[in-house]
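**Q** The following block contains the structure, expressed as structure tokens.
The values are calculated or read from the model by the stated rules, or taken from the named source; none is laboratory data. Since the model is a prediction, treat every value here as computed from it, not as a measurement. Note: ideal-geometry Cβ built from the backbone for every residue, glycine included; neighbour counts use all protein chains shown. Ligands, DNA and RNA are excluded from the accessible area calculation, which covers all protein heavy atoms including side chains. Shrake-Rupley method; radii C 1.70, N 1.55, O 1.52, S 1.80 Å.
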Amino acid sequence: QVQLVESGGGLAQAGGSLRLSCRASGNIRRIDDMAWYRQAPGKQQRELVATITSDGSTNYAESVKGRFTVSRDNAKNAIDLQMNTLRPEDTAVYYCNAAITVEYSLRYLNAWGEGTLVTVSA
């Protein structure tokens, strides 16, 4: 089986920084795009925060451009999100996402982590 595990969430003050990490493990043949999403309290939909392709191309939501930086380590099947100049509106559960080809079966899997809570106080 394939698993995504996030870490690094917590409490920060406005203007502060946090770094999120996510690592995929299991029977992985290949990981294509990886991404971070977030779901704010009281909202039903997850918002795309940042994406990164296997060759390192990145894309960001307008609301986090210039403040957040996404990176990945292909050798470790890992993705990070460095969050600077945090705002109270960044408060959300952050989810890691990866497009994975499963080893042996070659089945495509749109995998999600269980989420990590980020709370930013004013």
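**Q** Give the residues of region 65-106 that are of a type in the set (Lys, Arg) and not in a loop (DSSP other than H, G, I, E, B), sorted by residue number. Explain how you work it out, then say what you get.
**A** Quick first cut of region 65-106, residues of a type in the set (Lys, Arg) only: 65, 67, 72, 76, 87.
Of everything in region 65-106, those that are of a type in the set (Lys, Arg) and not in a loop (DSSP other than H, G, I, E, B) turn out to be ARG72, LYS76.
**Q** Also: Any residue at all in region 62-73 that is of a type in the set (A, V, I, L, M, F, W, C) and in contact (Cβ under 8 Å) with a residue 40 or more places away in the chain? Explain how you work it out, then say what you get.
**A** Of the residues in region 62-73, the ones of a type in the set (A, V, I, L, M, F, W, C) are 64, 68, 70.
Remaining after also requiring in contact (Cβ under 8 Å) with a residue 40 or more places away in the chain: none.
Within region 62-73 (the criterion being of a type in the set (A, V, I, L, M, F, W, C) and in contact (Cβ under 8 Å) with a residue 40 or more places away in the chain), the answer is no, since none of the residues qualifies.
**Q** Out of all the residues in region 71-88, which are open to solvent by 40 Å² or more (accessible area, probe 1.4 Å) and either over 13 Å from the mean Cα position of the chain (by Cα) or under 18 Å from GLN3 (Cβ atoms) (or both)? Working first, answer last.
**A** If we filter region 71-88 for residues that are open to solvent by 40 Å² or more (accessible area, probe 1.4 Å), which is where we start, we get 71-77, 82, 84-85, 87-88.
Answer for region 71-88, where residues must be open to solvent by 40 Å² or more (accessible area, probe 1.4 Å) and either over 13 Å from the mean Cα position of the chain (by Cα) or under 18 Å from GLN3 (Cβ atoms) (or both): ARG72, ASP73, ASN74, ALA75, LYS76, ASN77, ASN84, THR85, ARG87, PRO88.
**Q** Select from region 10-61 the residues that are open to solvent by less than 60 Å² (accessible area, probe 1.4 Å) and within 11 Å of the chain's Cα centre (by Cα) and list them in ascending order.
**A** LEU20, SER21, CYS22, MET34, ALA35, TRP36, TYR37, ARG38, VAL49, ALA50, THR51, ILE52
**Q** Here's a follow-up. Give me the pairs: first residue in region 104-118 and at positive phi and at pLDDT 95 or above, second residue assigned to a strand (DSSP E or B) and surrounded by 11 or more Cβ atoms within 10 Å (Cβ to Cβ), beta-carbon distance under 7 Å, and six or more apart or on different chains, which are they?
**A** If the second residue must be assigned to a strand (DSSP E or B) and surrounded by 11 or more Cβ atoms within 10 Å (Cβ to Cβ), the pairs left are GLY115/GLU6; GLY115/VAL93; GLY115/TYR94; GLY115/TYR95.
**Q** Could you check GLN13 against (1) closer than 14 Å to VAL120 by Cα; (2) at pLDDT below 95; (3) not hydrophobic (A, V, I, L, M, F, W, C) and say which number it fails?
**A** All conditions pass for GLN13, except number (2).
**Q** Still on this model: Which numbered condition trips up SER121, out of (1) modelled with pLDDT of 95 or more; (2) among the small types (Gly, Ala, Ser); (3) exposed (fewer than 13 other Cβ atoms within 10 Å of the Cβ); (4) out of contact with any helix residue (DSSP H, G or I) (no Cβ under 8 Å at 6 or more places or on another chain)?
**A** That leaves (4) as the condition not met.
**Q** Collect the residues in region 89-109 that are more than 16 Å from ASN27 (Cα to Cα) and open to solvent by 60 Å² or more (accessible area, probe 1.4 Å), keeping them in residue-number order.
**A** GLU89
**Q** Scan region 15-42 residue by residue and report those that are more than 18 Å from LEU81 (Cβ to Cβ), in contact (Cβ under 8 Å) with a residue 40 or more places away in the chain and in a loop (DSSP other than H, G, I, E, B).
**A** Residues satisfying the conditions are ASN27, PRO41.
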